[in-house]
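Peer 1: Please see the structure below; I have some questions.
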Amino acid sequence: MLILRSILFNVVFYLHLVIWLIIALPTFAMPRWGIIWVAQTWGRSSVWLMGVVAGARAEYRGLEHIPPGGLLVAAKHQSFWETFALLRFFDDPCYVLKQELTYIPMFGWLLVKAGMIPVDRRAGGSAITGMNRRAVAAVKAGRQLLIFPEGTRRPPGAEPAYRTGVAHLYRNLGVACLPVALNSGSFWPRRSFLRRPGTIVVEFLEPIPAGLDRAAFSKLMQSRIETASTRLLMEARAQSMGTDLRT
């Protein structure tokens, strides 16, 4: 049953993506808000599909912690799921992402249209400089900058591998950082077609105010994200055993 539902979901999900790419075509002639609206609507409907077809629904905690205006958002990254599921919670989201994604026909062009910030990880220090310059401009315009501090998807429970880029951004942006914990990898594992039923939990944690030094910020951010993500991982494992640690 799990395999059949997973196959069905993957077929429906990617057909759904193609439909939204076609819907997005007129946004090339529109201001940025057009493609942002399409992306957010696609994200909402994709989360809904995951619940209906694969049986993996979403729960969002700590929404009261999301401040308005320009913001740095540092999220745990375990799955493709959060790349679209988080879009709905921010007025004008701007992802820091690997440059290779912008080379994908249509999808990549729309990322460019949406004003996302691609990073060439092979360029070293020059890539960090360019990322910081564009990020500062985006946040000054009131956008919410989303970054995955580990740079790539990590399996649930894997040893943390945080990079220095997020600390550079925090220092240069001069705004609060919103840490985000989740357990999506337990339901949409990386490098697997399986989609497991249950409740994916995203938790928006208490924001870290601007002004800390880089070392203090990095330690606090990682501690908050990892502590909460470990707790959410235990909840996911409890679901698989038919129990609920929250009771």
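Peer 1: If R₀ is 45 angstrom, what is the calculated FRET efficiency for the pair Asp213 and Trp109, using the beta carbon separation as r and rounding to 0.05?
Peer 2: 0.70
Peer 1: To the nearest 20 debye, what is the magnitude of the charge dipole of the chain about its Cα centre, counting +1 on the Cβ of each Lys and Arg and -1 on the Cβ of each Asp and Glu?
Peer 2: 420
Peer 1: How far, in nm, would the chain grow between Glu64 and Ala238 when pulled straight, counting 0.36 nm per residue and subtracting the alpha carbon separation?
Peer 2: Details: separation 174, 0.36 × 174 = 62.64 nm, distance 2.64 nm.
Separation in residues times 0.36 nm, less the Cα-Cα distance, equals 60.0 nm.
Peer 1: Summing Lys, Arg as +1 and Asp, Glu as -1, what charge do residues with Cβ under 10 Å from the Cβ of Gly115 carry, Gly115 excluded? Before the final figure, lay out the partial values.
Peer 2: Working: positive: Arg32, Lys113, Arg134, Arg143; negative: Asp92.
Result for the neighbourhood of Gly115: +3.
Peer 1: Any idea what diffusion coefficient the stretch 1-68 gets from Stokes-Einstein, in µm²/s, Kirkwood Rh on alpha carbon pairs, 4 °C, 1.567 mPa s?
Peer 2: 94
Peer 1: Let me know the volume per residue of the alpha-carbon convex hull for the stretch 153-220, in Å³. Walk me through the numbers before you get to the answer.
Peer 2: Working: hull volume 6.9 nm³, N = 68.
Cα convex hull per residue, to the nearest whole number: 101 Å³.
Peer 1: So which helices of the chain fit the span-like rule, where a helix is a whole DSSP H run, its Cα atoms reach 27 Å or more along the axis, and its mean Kyte-Doolittle is at least 0.0?
Peer 2: Those that pass (Cα extent of 27 Å or more, hydropathy at least 0.0) are 2-23.
Peer 1: Quick check on the chain: helices-only [θ] at 222 nm, where DSSP H runs of length 4 and up contribute -39,500 (n - 2.57) each and the sum goes over total residues. Nearest 500, please. If you can, show how the numbers build up before the last one.
Peer 2: Values: 7 runs with 104 residues, N = 247.
That calculation yields -14000 deg cm²/dmol at 222 nm.
Peer 1: Which loop GluC sites (Glu not before Pro) in the stretch 179-247, with loop taken from DSSP, have no more than 10 other Cβ atoms within 10 angstrom of their Cβ?
Peer 2: Those that pass, being in a loop and sparsely packed, number zero.
Peer 1: Which percent, to the nearest 5, of DSSP beta bridges fully inside the chain are antiparallel? If you can, show how the numbers build up before the last one.
Peer 2: Numbers: 4 of 24 bridges.
The antiparallel fraction comes to roughly 15 percent.
Only the coordinates and a few stated rules stand behind these numbers; no lab work does. These numbers come from a predicted model, not from an experiment. Because the Cβ atoms are built from the backbone with ideal geometry, glycine has one as well, and the counts that use them run over all protein chains shown.
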